[in-house]
Structure formats: structure tokens, C-alpha cells
Amino acid sequence: MRGGQWQVLRLIEGLRAKGHENVLLSRARSPLSIEAKRRGMEVYAWSLRSIWKRSRAADVMHAHDARSHTAATMAGNARLVVSRRVAFPVQQNPVSRWKYHHAAHYIAVSEFVKNTLLDAGIAPSRITVVYDGVPMQELSHGSEILVLASPDPGKGTALALQAAKIAGFPARASSDLESDLAHAGLFVYITQSEGLGSAVLLAMSAGVPVIASDVGGLPEIVEHERTGLLTGNTPEAIGEAVRRLIEDRALAESLAARARALVQEKFSTEHMVANTIAVYEALL
């Protein structure tokens, strides 16, 4: 389960709580499908046929990844909303230009991602920024240095662990961040590319000080020396940031307190759901 998949689950739960019927089309036996069924959601296997069939009855169809974007465009639903979470430019091949022309509206996960859509020629009136939302966590009182475990080499797990070692402090790669944050005293998020960074928001909501790469949409949630520290992607720069927050706990605590307040104010699940509903209602 990656950040975007958790956002889908939280969106469906939020819509359901407000009385909106939802159907999730997800690849059979995928982690998303399994977790959605465990939570009692209405889930069907993702296929071109199921997308076409469901699109006939849906008031709004919402695609959350590139393949779904293509398939939903082929199904021809006039009220197709597409979420874009990635920071890299929109491809300019014929298929990409075709499908980006046909969606009714785009939800960009950050201003940075919105700019990638603008660069691809999407009109500003067809783009709305809806930031990720995370549930508020219990305040952490731990001391562990956590990094996010990811097999994606672009996510920088190995680099973050190397940097912590250079700084002289042990760090652990977490595969269950929501649970492990209870024991965290610092979260280090290193990546080569990032649309926004929902894992960072989750750590912020738990009152855990954050160090994050100065790339993509991350500066929109981590304001340097106010809600966290931004760093270059070198072991030396990351290690220096780690050392600084470990040795200056007053600074770490002040950053964490402001970050948690920011999540409550702007990046809660409730904000994400309400802002997404506003996009749907505008189309309807």
C-alpha cells in the first residue's frame, strides 16, 4: 500500500460517511482491493468491461492512476475526474495527449503537480489542487529515527539509512509507518521525486519532527525551519540535518508542534474529502 492507495480508502470512507454511494474498481487480489473488502467497501475487479459497465450508472467516475485514466477515457464517461499525484512531466505521445484532452477535470495533489498539468497544456479551469489528508495520530513520545521502507530506488531508503549512520545515530526502515510512529522521535523522508508526501503528513500529525528532501511538492508542507527541515539529497546534508535535530531537541519539538497544527488546519482527511466533493458537485 502506497500513499495514493491510502488516500483512495480514506476518500471512500469519507464519502460513505456523508451518504454518498461508492463503488471501487480495483485489480483483483491487490493490496488495495483486499484492504477495501476488509473495511466492508463495495469492490469489483478492475477490467475494461467493468469500467465501461459502471461508468454508465455513475454520476462521477474518478480515476486514480494512469491505467485507470486511460480505461475510463475509453469508457466515455463525460464526468471523469482524474487525480494526478506524480511530479514528473506529462508525456507528450499521441495516447497521452488524447486522454488528457478528454477528462472533465483534474485533481492535482499539490501546486507543483498542478504546474506539470499546466505545462502539458491543460487549462487552469480544469485543474483543482486538493491536498492529501491524513488522520490525526496520537502524539508520539518515542526516540527512534524512522525512514520509510520502500523497494523503489527513487524513494531513497538506502540513502536515508546511510546518512543516519554517518551522523552516528541508528535508524530503522518502517514498513508500517502508522503503527511505528508511536515510537518515533524523528522521521527522515528522502526521495528523488515527490508529488506531495502523505507519509510526511502522517508523521507531522503524530508530532514527530520531519526531515525531507527539498524536491517536488514537499516544500508545500515542510516549511524549512518552521514545520521541519528540508535537505539536499546527499549523505552529508541529510546527516547534518539529523544531527541538528537530535542535538537540539527544543528546535525539534517546536518544528513538530507547528507541523501538527498545520496538518489539523489544512491537511486533515476531512479537508481532503470536502474539497474532493466540491469538485464532484461543480461537475454535476
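The values are calculated or read from the model by the stated rules, or taken from the named source; none is laboratory data. Since the structure is predicted, the reported quantities are computational estimates derived from the model, not experimental observations. So basically every Cβ, Gly included, is an ideal-geometry build from the backbone, and we count neighbours across all protein chains shown. Protein only, heavy atoms only, side chains kept; ligands, DNA and RNA dropped before computing areas. Shrake-Rupley method; radii C 1.70, N 1.55, O 1.52, S 1.80 Å.
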Tell me the angle of helix 3-17 to the major Cα principal axis of the chain, expressed in degrees between 0 and 90 and rounded to the nearest ten. 60 degrees
Residue-averaged [θ]222 nm for the chain, counting only DSSP H segments that reach four residues, each worth -39500 (n - 2.57): -14000 deg cm²/dmol
Cubic angstrom per residue, convex hull over Cα atoms of the range 94-204: 128 Å³
Calculated FRET efficiency, Gln92 and Asp152, Cβ-Cβ r, R0 22 Å, to nearest 0.05? 0.35
Treating the angle as unsigned and between 0 and 90°, give the value, to the nearest 10°, between the Cα long axis of helix 66-75 and the longest Cα principal axis of the chain. 10 degrees
Enter the accessible area per residue of the range 55-96 (Å², integer; probe 1.4 Å; all protein chains in place). 51 Å²
Can you give the Kirkwood hydrodynamic radius of the range 1-61 from its Cα pairs, in Å with one decimal? 12.0 Å
Roughly to the nearest percent, how much of the accessible area of the range 1-105 is carbon and sulfur, given a 1.4 Å probe? 54 percent
Ranked from highest to lowest mean number of other Cβ atoms within 10 Å per residue, what is the order of the peptides 58-64, 278-284? 58-64, 278-284
For a distance above 16 Å, tell me the whole-number percent of Cα pairs in the range 182-284 that qualify. 57 percent
Work from the charge dipole of the chain (Cβ charges, +1 for Lys and Arg, -1 for Asp and Glu, about the Cα centre) and give the residue of Gly228, Ser33, Ser55 farthest towards its positive end. Ser55
Unsatisfied cross-links (Cα-Cα over 31 Å) in the set Lys18/Lys53; Lys18/Lys155; Lys165/Lys266; Lys53/Lys99; Lys37/Lys165; Lys53/Lys266: Lys18/Lys155; Lys165/Lys266; Lys37/Lys165; Lys53/Lys266
Kirkwood-Stokes translational diffusion coefficient of the range 230-269, alpha-carbon pairs, 4 °C, 1.567 mPa s, µm²/s: 113 µm²/s
Extension reserve of the Ala257-Met74 stretch, reckoned as 0.36 nm per residue once the Cα distance is removed: 61.2 nm
Here the Cα Rg-to-2.2 N^0.38 Å ratio for the range 40-91 is 1.18
Bins of 5 Å, beginning at zero and ending with the bin holding the largest distance: percent of Cα pairs per bin for the chain, please. 1, 6, 12, 16, 18, 15, 12, 9, 6, 3, 1, 0
Inter-part gap, Cα centre of the range 151-223 to Cα centre of the range 8-25, in whole angstrom, is 28 Å
